[in-house]
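As structure tokens, the structure follows; a few thoughts come after it.
The values are calculated or read from the model by the stated rules, or taken from the named source; none is laboratory data. Just so we're clear, the structure is a prediction, and the values are computed from it rather than from any experiment. Positions of Cβ are backbone-derived with ideal geometry, glycine not excepted, and every protein chain shown enters the neighbour counts. Note: accessible area is taken over every heavy atom of the protein model, side chains too, but ligands, DNA and RNA are not part of it. Shrake-Rupley method; radii C 1.70, N 1.55, O 1.52, S 1.80 Å.
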Amino acid sequence: MARRDDSLQSRLDRDLVELKLLEIARSYREVLDEAARKGSSMLEVLATLIGLEQTARQQRALERRLRQARLPKQKTLAEYQFEFPKRVPKAAILRLFDCDFIERHGCAVLIGPTGTGKSHLLTALGYTACERGYSVRYTRVVDMINHLVMAQTNGLLGQALKPYVRPTLLLLDELGYLPIDKRGADLLFQVVAARYESGSIVLTTNRPFREWGALCNADNTLATALIDRLMHHGEAIVIRGDSYRMRDKDAEPDPGPDPPSA
């Protein structure tokens, strides 16, 4: 009898691995032992094992989405200090974190000075979207453009565009912090145009829309086309205030005069 049980267990272990039911393979002995102690029914055992497998798969899928998103260090909406900026449309930001706009292929542009938490919100939104099952890609605008320029030079632009076009949500950080030449502006437009009405974009910038022409190498036509596509099903969220980082610097105690030299 023991030999037959060993044979059945070996076959079960093999079948579970081949079916990729890895969490059940890892846990079923412990679950069966616990069920024997408690007198659980076969249905309760089955439900427990399937539940463990489902939870493990969901966790692996989340970890995979987070790896593919390439998000910076984790931030949360709860950590964002709404009371610091002089003006912040809290209702609009909370609505953004509902993620309903993603199903509608909507967009948003977070506009505000450096240090007002735009990148914090963008990163937190990325983690929230991953947790809700959406595919996400985060990148700084300058990094994406540099990547695409190199690919275009090597004749590989089509392949290089895919990581920015395929995800359900594209997060573009720090538009306007560094100048963009004509080639870079054209490539940025290609990404935005390819996602128009087929994928969501949330973008952060320190430049109001009226300055986007100068930002795009003095190409007002291209800047207008960018804004038109982002805002057709999108929302501009304007944050006003001073830099949060400078607040911390201003809070540092005055060290006093330098000591006299020897």
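General observations
- First in the range 62-91 and closer than 21 Å to A108 by Cα and at pLDDT 95 or above, second anywhere and surrounded by 11 or more Cβ atoms within 10 Å (Cβ to Cβ) and charged (D, E, K, R), Cβ under 7 Å, 6 or more apart: A69/R137; R70/R137
Conditions tested, residue by residue: (1) open to solvent by less than 70 Å² (accessible area, probe 1.4 Å); (2) basic (K, R); (3) part of a strand (DSSP E or B); (4) closer than 26 Å to P167 by Cβ.
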| site | (1), (2), (3), (4) |
| --- | --- |
| A36 | no, no, no, no |
| T55 | no, no, no, yes |
| Q81 | yes, no, no, no |
| D98 | no, no, no, yes |
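- Scanning the range 14-29 for residues that are within 37 Å of the chain's Cα centre (by Cα) and of a type outside the set (A, V, I, L, M, F, W, C) turns up D15, E18, K20, E23, R26, S27, Y28.
- Residues in the range 158-178 include at least one that is more than 21 Å from H233 (Cα to Cα), modelled with pLDDT under 95 and open to solvent by 70 Å² or more (accessible area, probe 1.4 Å).
- Among the residues of the range 224-245, those that are open to solvent by less than 70 Å² (accessible area, probe 1.4 Å), touching a residue at least 24 places away in the same chain (Cβ under 8 Å) and either touching a helix residue (DSSP H, G or I) at 6+ places or on another chain (Cβ under 8 Å) or at negative phi (or both) comprise A225, L226, L230, M231, G234, E235, A236, I237, V238, I239, S243, Y244.
- Scan of the range 172-200 for residues that are over 19 Å from L215 (Cα atoms) and of a type in the set (A, V, I, L, M), ordered by number: A194
- Those residues of the range 126-179 which are under 22 Å from R64 (Cβ atoms) and among the basic types (K, R), in sequence order: R132, R137, K162, R166
- Of all the criteria given as (1) out of contact with any strand residue (DSSP E or B) (no Cβ under 9 Å at 6 or more places or on another chain); (2) open to solvent by 30 Å² or more (accessible area, probe 1.4 Å); (3) at pLDDT below 95, the one not satisfied by R210 is (3).
- For P255, the conditions (1) of a type outside the set (A, V, I, L, M); (2) at pLDDT below 95; (3) open to solvent by 60 Å² or more (accessible area, probe 1.4 Å); (4) within 25 Å of F82 (Cα to Cα) all hold with the exception of (4).
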